[in-house]
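Note sheet for the following structure.
The values are calculated or read from the model by the stated rules, or taken from the named source; none is laboratory data. This one's a predicted model, so the numbers in the text were calculated from it and none came from an experiment. Cβ coordinates were reconstructed from backbone atoms using ideal geometry, including for glycine residues, and neighbour counts include every protein chain displayed.
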Amino acid sequence: MQNHELLLIGSVGGGIGAWARIVIRDEFVSKGIASWKIVMAINLLGSAVAGIALRMTEGSFGWAFFSLGFLGGFTTFSSMCVDIVVQWIAGRRRWAVTVAMGTMIGGPLIAWICSFITAMFWARSSISTAAIASLAGRRVAHHISGLVGITMGGFIGTGIRIFMQFLAPAIGFPVWTATALVNVIGSGFAGFVFRWLCSLDANGVALHDPSRRLTLERLLIFGFAGGLTTMSTLSIEIVEAMHHSLLTALLIGGVNLVVGLTLTILGWWIAYRCFPARESIGQIPISNKVK
């Protein structure tokens with residue numbers, strides 16, 4: 001398949017993946033589970049499936065839609081960085097470290113284990129398709145209502161990510177540099193937008209009414225930043241780098257985490273400085289925040 005075909009197919013998959021991430025998140029948040037725990041679990045799950053998807057034929061329709069697109073949009077590096085910053089500012093330092101280390105170490109580890117086990121039982125060509133679960137019942141209307149905004153944002157974000165992953169080797173850079181670039185930029189963007197959406201105006205009134213805030217969250221953070229950034233691809237890149245050099249693998253992980261968190265804090269600080277009246281972190285409903 002041509003690169004432009006892969007980009008289009010992958011972008012569609014990324015939009016659907018971003019929507020699937022929010023469907024799962026909302027279902028578990030409605031049951032009282034903290035959002036950051038769900039995002040961490042999604043990133044680890046996505047990394048595990050990405051390890052299995054390594055057996056798919058690169059350049060095929062299934063690989064473009066599922067591995068390049070769906071899993072990239074399903075997992076999210078930017079939301080992880082925002083989670084770490086929020087937990088740290090809220091004084092939950094232990095949980096902040098848990099999110100960072102659990103995802104950055106656990107993701108590549110579980111991807112490697114799943115890839116190894118898959119290689120033992122299936123040939124490379126045996127995995128060519130993937131099933132996408134559907135939801136039924138009274139929650140469907142709620143999830144469908146966010147479909148357009150999330151998938152549109154995810155489509156655009158994923159398209160940019162895939163384009164950068166194609167561009168990097170074409171101009172002489174390794175693919176991991178493209179993933180790192182979109183991850184850190186997306187994290188800074190998510191940090192800014194999340195803080196901006198939590199701001200009050202000079203009179204202490206919420207800058208955005210609830211419906212407008214939800215719409216912007218779906219489009220800009222759930223969709224765009226979620227599709228632009230990816231934990232599943234990062235996990236695979238770390239695993240592949242370990243086959244050649246442990247130092248390179250540590251470099252890839254370190255650059256993504258350190259620079260991603262730095263830009264998340266910077267984006268957060270810029271938004272903090274732009275709006276005169278701001279609530280404390282304790283007032284932000286953690287269970288209902290981005291992801």
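Restricting the first member to the stretch 49-73 and to residues that are in contact (Cβ under 8 Å) with a residue 60 or more places away in the chain, and the second to residues that are in a helix (DSSP H, G or I) and among the basic types (Lys, Arg), the beta-carbon pairs closer than 6 Å and six or more apart or on different chains are ARG55/ARG124. If you go through the stretch 22-46 and keep only what is modelled with pLDDT of 90 or more, over 13 Å from ASP83 (Cβ atoms) and of a type in the set (Gly, Ala, Ser), you end up with GLY32, GLY46. Write out, first by first residue and then by second, each pair whose Cβ atoms fall under 9 Å of each other, whose residues are 6+ apart or on separate chains, and whose first residue, in the stretch 102-129, is at pLDDT 80 or above and β-branched (Val, Ile, Thr) while the second is surrounded by 18 or more Cβ atoms within 10 Å (Cβ to Cβ) and part of a loop (DSSP other than H, G, I, E, B). Partner pairs satisfying both residue conditions: THR103/MET231.
Among residues of the stretch 156-170 that are on the phi > 0 side of the Ramachandran plot and assigned to a helix (DSSP H, G or I), none has a beta-carbon under 9 Å from a residue that is surrounded by 18 or more Cβ atoms within 10 Å (Cβ to Cβ) and modelled with pLDDT of 90 or more at least six positions away or on a different chain.
Does ILE113 satisfy the criteria of being among the hydrophobic types (A, V, I, L, M, F, W, C) and buried (at least 22 other Cβ atoms within 10 Å of the Cβ)? No: the conditions fail for ILE113.
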